[in-house]
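The values are calculated or read from the model by the stated rules, or taken from the named source; none is laboratory data. None of these values were measured; they are calculated from a predicted model. Here the Cβ is made from the backbone with ideal geometry for all residues, glycine too, and neighbour counts use every protein chain on show.
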Amino acid sequence: MALEGQLSDFNLAEILQLISSQQKSGFLNLETQRDMVFVFDKGVLISTRDRRDRARDPLESFLRAYGFFDADQWKHVEYVRANSSLDLTEILTSEGLLSGEELDAALRSMAQEMAVAGMKLRRGRYHFSPTRDTPPGVRNGIHLDVQGLLMEAARRLDEEELLREALPSQAITFGQGTKTLPADALGTTGRHIMKLALAGLSLGRIIRQGRTESFVVRDLLKSWCEEGVLVKHDPEDDATEDAERGRERPGLHLTTGLRSMPLTLLVLALVALAVWGRWFAMPAAAEHPGADLRRAQIRAEVIESARLFRFESGHWPDTLAELVREGHLKPATLMTVQDLGWIYEHDADADRFSFGS
């Protein structure tokens with residue numbers, strides 16, 4: 001059964017259901033702005049990677065997009081790949097970059113994301129090339145039920161607008177809310193995303209370093225904000241509020257006052273006095289204008305570090321030196337706090353801390 005045609009006639013969901021219901025094996029290729037492949041074995045999706053294609057491996061693109069490894073780790077992967085015949089999946093597991101379970105989760109996440117992207121397509125061609133037996137060349141295959149894949153894709157498409165409304169800007173940051181979730185209740189992905197959020201990263205950076213699909217990151221953050229675990233800060237909302245306050249601030253209107261000559265003379269005298277004071281009076285000594293901002297930054301850095309420490313260890317740090325030892329606070333920041341004379345005190349009985357001058 002060879003299938004081919006336009007996505008404007010049959011969408012991806014209909015094509016996948018047909019292949020699944022007839023338990024076909026083979027390669028389904030989508031030729032669009034973003035080419036995709038879905039590999040089936042008796043109606044079960046086993047891969048979204050076609051190693052016959054010399055274009056960039058979609059798994060590599062997925063891992064790079066979501067910050068799985070740093071630059072040095074990718075250089076090592078490239079070195080091993082250039083000096084061996086190993087597949088990328090084999091390199092990742094043999095070099096200890098991903099466990100078998102982590103690799104399987106990444107492959108499933110990539111397949112789910114590709115299914116969602118494919119269901120949005122209305123232009124392009126599709127072509128299904130059947131095989132008699134299991135398609136050749138699949139490395140570290142997965143086994144995904146098509147109906148479950150499509151149901152989850154449909155759910156994500158339905159909730160996409162809600163996510164955009166809840167998190168409309170990539171610049172949104174997050175702070176600790178009134179409710180605290182224990183780290184062991186979040187799972188590996190949840191702990192990692194919570195750590196990035198409490199570290200003060202923007203939504204865009206959290207997605208790029210989240211080690212999972214964008215939808216999963218945004219869905220978790222949205223849920224945590226609704227539950228009171230996190231509080232979101234949208235700089236665009238702050239800018240709008242500042243602009244509105246500026247428009248509401250009363251101005252100095254001299255038009256009506258100029259109708260009275262005595263009032264006009266009084267205003268001119270006050271202006272002249274102000275000018276004289278500006279140019280001839282001795283200015284008072286003042287500290288650097290950025291000092292207040294820097295102190296606010298230091299305070300925020302210490303507080304966020306303490307919150308991150310509590311998230312990982314389950315309790316507040318006894319001293320700021322403990323934050324430095326655990327790598328949450330820079331030694332230079334601690335020295336600045338000491339120079340400012342600020343004091344950190346931990347009240348273990350009340351499960352809180354105080355910090356300030």
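Run down 111, 82, 117, 106 and say which single residue is in contact (Cβ under 8 Å) with a residue 24 or more places away in the chain, surrounded by fewer than 17 Cβ atoms within 10 Å (Cβ to Cβ) and aliphatic (A, V, I, L, M).
On the way: 111 fails: surrounded by fewer than 17 Cβ atoms within 10 Å (Cβ to Cβ); 82 fails: in contact (Cβ under 8 Å) with a residue 24 or more places away in the chain; 106 fails: surrounded by fewer than 17 Cβ atoms within 10 Å (Cβ to Cβ).
Matching residue, one of 111, 82, 117, 106: 117.
The number of residues in the range 1-28 that are buried (at least 18 other Cβ atoms within 10 Å of the Cβ), polar (S, T, N, Q) and under 19 Å from residue 153 (Cα atoms) comes to 1. The single condition among (1) under 18 Å from residue 210 (Cβ atoms); (2) over 20 Å from the mean Cα position of the chain (by Cα); (3) part of a loop (DSSP other than H, G, I, E, B) that residue 103 does not satisfy is (3). The set of residues in the range 159-209 being in a helix (DSSP H, G or I), crowded, with 16+ Cβ neighbours inside 10 Å and at pLDDT below 90 consists of 183 alone.
In the range 339-346, is there at least one residue being in a helix (DSSP H, G or I) and at pLDDT 60 or above? Scanning the range 339-346 turns up at least one residue that is in a helix (DSSP H, G or I) and at pLDDT 60 or above.
What about residue 316, is it over 29 Å from residue 186 (Cα atoms) and touching a residue at least 12 places away in the same chain (Cβ under 8 Å)? In short, no. Just so you know, in the range 51-67 the residues that are over 26 Å from residue 193 (Cβ atoms) and touching a residue at least 24 places away in the same chain (Cβ under 8 Å) include one that is surrounded by the most Cβ atoms within 10 Å (Cβ to Cβ), and it is 51. Filtered by the rule that a residue be within 15 Å of residue 138 (Cα to Cα), out of contact with any helix residue (DSSP H, G or I) (no Cβ under 7 Å at 6 or more places or on another chain) and modelled with pLDDT under 95, the range 38-66 gives 50, 51, 52, 53, 54. The condition (being under 30 Å from the mean Cα position of the chain (by Cα) and within 23 Å of residue 135 (Cα to Cα)) is satisfied by just one residue among 59, 86: 59. Based on what the data block shows, is residue 70 assigned by TED's automatic domain parsing to the domain that holds residue 154, surrounded by 19 or more Cβ atoms within 10 Å (Cβ to Cβ) and charged (D, E, K, R)? It is false that residue 70 is assigned by TED's automatic domain parsing to the domain that holds residue 154, surrounded by 19 or more Cβ atoms within 10 Å (Cβ to Cβ) and charged (D, E, K, R).
Across the range 85-103, the qualifying residues are those that are surrounded by 15 or more Cβ atoms within 10 Å (Cβ to Cβ) and charged (D, E, K, R), and the one among them that is nearest to residue 203 (Cα to Cα) is 102.
For the range 210-249, taking the residues that are basic (Lys, Arg) and surrounded by fewer than 18 Cβ atoms within 10 Å (Cβ to Cβ), the one that is modelled with the lowest pLDDT is identified as 249. The residues in the range 123-147 that are assigned to a loop (DSSP other than H, G, I, E, B) and among the polar types (S, T, N, Q) can be counted, and the count is 3.
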